[in-house]
1. Would you mind getting me the FRET efficiency between B:Asp60 and A:Glu136? Use the beta-carbon distance for r and R0 = 45 Å, nearest 0.05.
2. Per the Cauchy relation, a quarter of the hull surface: what is the mean projected area of the convex hull of the alpha carbons in chain A, in nm²?
3. For B:Ala24, what residues show an amide H to amide H distance below 5 Å, using hydrogens built from the backbone and excluding near sequence neighbours?
4. Going 7 Å from Cα along the Cα-Cβ axis for the label, what nanometre distances separate B:Gly45 from the same residue across the other copies?
5. Could you state the accessible area per residue of the stretch B:80-137 in Å², with a 1.4 Å probe and every protein chain left in place?
6. Nm distances between the label at B:Met1 and the same-position labels in the remaining copies, 7 Å along Cα→Cβ, shortest first?
7. Just want to confirm a number: the relative contact order over the stretch B:80-137, from Cα pairs under 8 angstrom separated by 6+ residues, in percent.
8. How far is B:Glu163 from itself in the other copies, in nm, if each label sits 7 Å out from Cα along the Cα-Cβ line, shortest first?
Number of protein chains: 2
Amino acid sequence: MPTIKYYVREGLLPAGRLTSPNQARYDDGHERRLRLIRALLDVGGLPLSAIAEVLGAVDDTAQPLHEVLGVAAVRITPAQAGDPAGVGPESAEAREEVAALLARRGWRVEPDNPAAQSLAGVLAALRRAGHGGFVELLDVYADAAESVAHADLDYVRRRVAREDLVESVVVGTVLGEAMFGALRRLAHVDASARAYEGGREAEPGAR
Amino acid sequence: MPTIKYYVREGLLPAGRLTSPNQARYDDGHERRLRLIRALLDVGGLPLSAIAEVLGAVDDTAQPLHEVLGVAAVRITPAQAGDPAGVGPESAEAREEVAALLARRGWRVEPDNPAAQSLAGVLAALRRAGHGGFVELLDVYADAAESVAHADLDYVRRRVAREDLVESVVVGTVLGEAMFGALRRLAHVDASARAYEGGREAEPGAR
DNA sequence: GGATAGCGGACAGTGCCACTATCCATAATT
DNA sequence: AATTATGGATAGTGGCACTGTCCGCTATCC
């Protein structure tokens, strides 16, 4: 309960309607909003400040939809740390690699898109960590990402109400990533079980 | 440089060999290790404590390989917060759903695997946030995860040296997730560009 | 109608995390 | 010989997500 007070203070939750100086009423919209915050925070790992900005944009009905989606896209992208300026030979190479990928796949994305920068950051980090070979898997990953993205879009397309739409985008993007991560780990366990043992047992690192 | 001191103190980096009471030498293994730490920390978002445990297991050559992979698998899995005890109706339903998925796909995974619990946590959070419909995409996601996991395994299989192997698993799992996340966001941008506009421009939320 | 329990609001404090700064004695550099 | 740098130890910082406490009022129970 003190947490709710705190969220209200931080502008994450609207204050309840005061029925008297010390009595406030909360409707079930509040509860839904609270569950959304908890999901984005606990599962998605978004900082409260990012959640606050996204929710603020959602609630600002004056803002056009594409503005809101823009805010969401930026705020939702994990802060790509480590060489933020993007200097160093690996970073330059990584940016070229991303540009080549976008061209190769015909993806219509501006190269200064935050996701593109974030991808370049990952590629640079892989190279710096001595695992540049992992970058060869880019296209396999991109294929998988494409099919997931289409499914995501189908899910979002079912929404009509503005708030619902934005919420679907945010939830789908953030929780979808966590969902894929968990599935990928599960698939790892299964794949290595099959690869390293012909038959019965679970894999060594399956724990 | 003070950061390196700190990492040595925390046991993340081995101390350099002392040539005299105040002079230590670091070899390039140190630098490589440092880059690995930075990648896992900055890009992967792992807490230093988790990195320390994984690296500790890697360096403990007495431990059998499967033990090390076990430690890595557990430490690498994001701390599934929010309803950790897994009580509440959504959690029970989610766990059943995960079990059904594993059975349906024939994945050989013990149901108490941390990744399975983490998936159940995500599904429960989706339900609680009022986006249970997103769960319908589970199989699309699982297909994508499977193909990515096979590629990951192929990458790892090329390693022979023990330390290299474990490092590949860790890097592949952690940075691979970041790589997929970025690609998925890029694919979103492209997909909605194609869906909402016939032709030229980038999508509304593309930034 | 009087005691008590609880509310909203304000503000200070907590715990964790990843550093960062300062100090000291000694050693390398110029 | 003077300056600069280093390792080791300890303390301090800043960000984040809360949590605890106090206050004045009010709703409620007996």
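1. On the way: r = 31 Å, r/R0 = 0.68.
So the FRET efficiency works out to roughly 0.90.
2. Values: hull surface 65.4 nm².
Computing the convex hull of the Cα atoms and averaging its projections yields 16.3 nm².
3. Amide H neighbours of B:Ala24, under 5 Å, 5+ apart: B:Thr19.
4. Copy-to-copy label distances for B:Gly45: 0.4 nm.
5. On the way: 2440 Å² over 58 residues.
Heavy-atom SASA per residue in the stretch B:80-137 reads 42 Å².
6. 5.5
7. On the way: 37 pairs, mean separation 24.2, N = 58.
Relative contact order for the stretch B:80-137 comes out at 42 percent.
8. 5.7
The values are calculated or read from the model by the stated rules, or taken from the named source; none is laboratory data. Nothing here was measured: the structure is a model prediction, and the numbers come from that model. Cβ sites come from the backbone with ideal geometry, for glycine too, and all protein chains shown count toward neighbours. These accessible areas exclude ligands, DNA and RNA; they are computed on the full protein's heavy atoms, side chains included. Shrake-Rupley method; radii C 1.70, N 1.55, O 1.52, S 1.80 Å.
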